[in-house]
Structures are given as C-alpha cells and as structure tokens.
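Peer 1: Provided herewith is a single structure, encoded as structure tokens, for subsequent inquiry.
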Amino acid sequence: MSGLSAPQLASYERNGFLVIEDFASREECERLKRRAEELVRDFDPRGLISIFSTREQIRMSDDYFLDSGDKICFFFEEDAFAPDGGLRYARERSINKIGHALHDLDPVFDAFSRKPELAAICADLGYGEPLLLQSMYIFKQPNIGGEVTCHQDATFLYTEPLSVTGFWFALEDATRDNGCMWAIPGGHNPGHKLGLKKRFVRAARGGTKFETLDDSPWPESMQTPLEVPQGALIILHGLLPHLSHINRSAKSRHAYTLHVIDGACEYPADNWLRRTPDMPLRGF
Ligand code: FE2
C-alpha cells in the first residue's frame, strides 16, 4: 500500500503539514456526511447541551466534554442558542462537532479511519505503534460555524516524547469563505523557536486548565490559508500552529479529523482525554 513519496515527506518535514488531494473519493465523503447526519438526527439532546468553544472558561469543568474521550458526544455551536436558551436554527444546523471516539464506536467511521492507506502513511511518518487516540466530525456550520483559535494539537494530546499527528479530511470544499484551515508553515520546527506553547490538562481539583510553557505571541503574519477541495487530506504535525476562522458564508465546511499517537510514548495521566480501562486505544 502506498504511503508517502520522498518529496511528500520532505515537504511535510519542511512545512509541518502536507496536503494530499483526492485521498478520499466523493462517495466516501458523502457516506461519512450521511452517517454524521444520522447520528445527529438520532441523538437525544435532552439534558446535555454542551456548548463547545476554544475560549477557555466555557469548556472548563464541563463534565460532558471531559467524559467524551471514549464516547460519541455532541457539542453545539456557541452561537446556536437564542437568549431564551432555545436553538436559533434547526438541530442539524446547530451542532459544532461530534467527538471523540467515532473511530472506535461507529462502524462507518471505524472503516474509514482504519484504511490501509492511512496505516501506510503512519508507517512512513515513523510510527512504530500507531494508536488512534481521538476523532471528531466538525460541521463548521453555515453562518455560525465558530472559530478555532491558533493552537498546536500537542497542547491537547500530549505524549512524552511528542508523537501526535493530526489527519484532517475535507468532506466538503474548504475555502477562505467557509472557514478553511490556516497554518504557519514551518511553525512546528524548533528552528522557528516555537516549541510547545501550552498544555491543556486536568486540574487536580477537577475541571481543566492550561499550563503555559511559552507565552510569546504567534507570528500571525505568517498564517497561510490551506484551501482544499472535497476529498483532500491535510496531515498536521502535532506542533504546527493552525487555526480556522468563523464561517460567515452560507456554505457548510464539514471535516473529519483523526489524531494518532505512538504507543511507545508515555501518555501522561493529566491529559484531558481519558478512556475507561475496558476501552483501550487501538491501532489500525
Ligand atoms: Fe487542531
């Protein structure tokens, strides 16, 4: 099974990201979109309205979020609610994302996440024992799809040594208008003096907190848009700074993401994402 070519690997090492167009077929993308639609239609929102935001306070001590590492959970857009607490749009237009164990619990996402092509890429990236840690279906809804501020995935998914890689699949065309990914090319490289800036950890007294390791600002002028067509895969180094803006357009920007770590690395117990012992992480 073909993984990455030498020029692709060199480009990834230089930039900290790699775009592979046509990784997934239109049919595969549509199948995942249909499955996400079914999941949203079938879930019961009573009692668990959890607003997702990367603005720090809102997510803190949200038990629903903290317990979602080995479940299929639903998170709403921050702007989904009217002042009276009701939804401003239909439910299927109000969900920000589904996470974080679709790849283990849903057969459709399981099959896509464990494609042999992905296993081959992980081998080429140097993984000896790749483990599928986390998956998210991100809707980036029309008009209200919230921003994701500049971050490194290793902040949220930390191992010693660092080993997380993000796989971001465009299930729809992603453009500047509908909130495509942006990145700081080369920002993963220690030569840029941008090491890991923060860790997002469980606080000893419950909830979560950020531990700041380096509070220097991101070099925002270097941000580059990664506009990609449906079916593209963007591989993201765990230290690469990336972000996406609010979707103010009338078009959604669905994406599926998967994060892989190496089982040979230590996974500290204070990581936010935890699993119960009866659902250990699995590879391909
Ligand atoms: Fe990310």
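The values are calculated or read from the model by the stated rules, or taken from the named source; none is laboratory data. This one's a predicted model, so the numbers in the text were calculated from it and none came from an experiment. Cβ atoms come from the backbone with ideal geometry, glycine included; neighbour counts cover every protein chain shown.
Peer 1: Using the structure shown, decide if S252 is away from the ligand (no atom under 16 Å from the Cβ), in a loop (DSSP other than H, G, I, E, B) and either out of contact with any Ser or Thr (no Cβ under 6 Å at 6 or more places or on another chain) or more than 21 Å from H188 (Cα to Cα) (or both).
Peer 2: So S252 passes the test.
Peer 1: Please indicate, with yes or no, whether at least one residue in region 175-193 is more than 12 Å from the ligand (Cβ to nearest atom), touching an Asp or Glu at 6+ places or on another chain (Cβ under 9 Å), outside any strand (DSSP E or B) and among the hydrophobic types (A, V, I, L, M, F, W, C).
Peer 2: Looking through region 175-193, at least one residue is more than 12 Å from the ligand (Cβ to nearest atom), touching an Asp or Glu at 6+ places or on another chain (Cβ under 9 Å), outside any strand (DSSP E or B) and among the hydrophobic types (A, V, I, L, M, F, W, C).
Peer 1: When residues of region 200-231 are filtered for being aromatic (F, W, Y) and in contact with a Lys or Arg (Cβ under 6 Å, 6 or more places away or on another chain), how many remain?
Peer 2: Total meeting the criteria: 1.
Peer 1: Within region 141-155, count every residue that is surrounded by 22 or more Cβ atoms within 10 Å (Cβ to Cβ), away from the ligand (no atom under 13 Å from the Cβ) and outside any strand (DSSP E or B).
Peer 2: Counting residues in region 141-155 that are surrounded by 22 or more Cβ atoms within 10 Å (Cβ to Cβ), away from the ligand (no atom under 13 Å from the Cβ) and outside any strand (DSSP E or B) gives 2.
Peer 1: State yes or no: is F210 more than 14 Å from the ligand (Cβ to nearest atom) and within 18 Å of N271 (Cβ to Cβ)?
Peer 2: For F210, the condition - more than 14 Å from the ligand (Cβ to nearest atom) and within 18 Å of N271 (Cβ to Cβ) - is met.
Peer 1: Another one. Restricting to region 157-199, count the residues that are in contact with a Lys or Arg (Cβ under 8 Å, 6 or more places away or on another chain), buried (at least 21 other Cβ atoms within 10 Å of the Cβ) and modelled with pLDDT under 95.
Peer 2: Total meeting the criteria: 0.
Peer 1: If you don't mind, another one. Mind checking which pairs have a first residue in region 156-181 that is within 16 Å of S252 (Cα to Cα) and a second that is within 14 Å of the ligand (Cβ to nearest atom) and of a type in the set (D, E, K, R), Cβ under 6 Å, 6 or more apart or different chains?
Peer 2: These pairs meet every condition: G179/K140.
Peer 1: Kindly evaluate A264 against the criterion of being loosely packed, with under 14 Cβ neighbours inside 10 Å, more than 26 Å from A204 (Cβ to Cβ), more than 16 Å from the ligand (Cβ to nearest atom) and over 17 Å from the mean Cα position of the chain (by Cα).
Peer 2: Judged against the criteria, A264 is a match.
Peer 1: Here is a further query. Quickly run through region 267-284 and pick out the residues that are more than 16 Å from the ligand (Cβ to nearest atom), among the aromatic types (F, W, Y) and crowded, with 17+ Cβ neighbours inside 10 Å.
Peer 2: Going through region 267-284, the residues more than 16 Å from the ligand (Cβ to nearest atom) turn out to be 267-270, 274-284.
Going one step further and asking which of them are among the aromatic types (F, W, Y), we end up with 267, 284.
If the condition is that a residue be more than 16 Å from the ligand (Cβ to nearest atom), among the aromatic types (F, W, Y) and crowded, with 17+ Cβ neighbours inside 10 Å, then Y267 is the only one that fits.
Peer 1: All but one of (1) touching a Leu at 6+ places or on another chain (Cβ under 8 Å); (2) closer than 17 Å to G16 by Cβ; (3) hydrophobic (A, V, I, L, M, F, W, C) hold for A255; state the number of the condition that does not hold.
Peer 2: Checking A255 against (1) touching a Leu at 6+ places or on another chain (Cβ under 8 Å); (2) closer than 17 Å to G16 by Cβ; (3) hydrophobic (A, V, I, L, M, F, W, C), the one that fails is (2).
Peer 1: Can you tell me which condition E211 does not meet? The list is (1) more than 27 Å from E147 (Cβ to Cβ); (2) exposed (fewer than 15 other Cβ atoms within 10 Å of the Cβ); (3) not β-branched (V, I, T), and all the others hold.
Peer 2: Exception for E211: condition (1).
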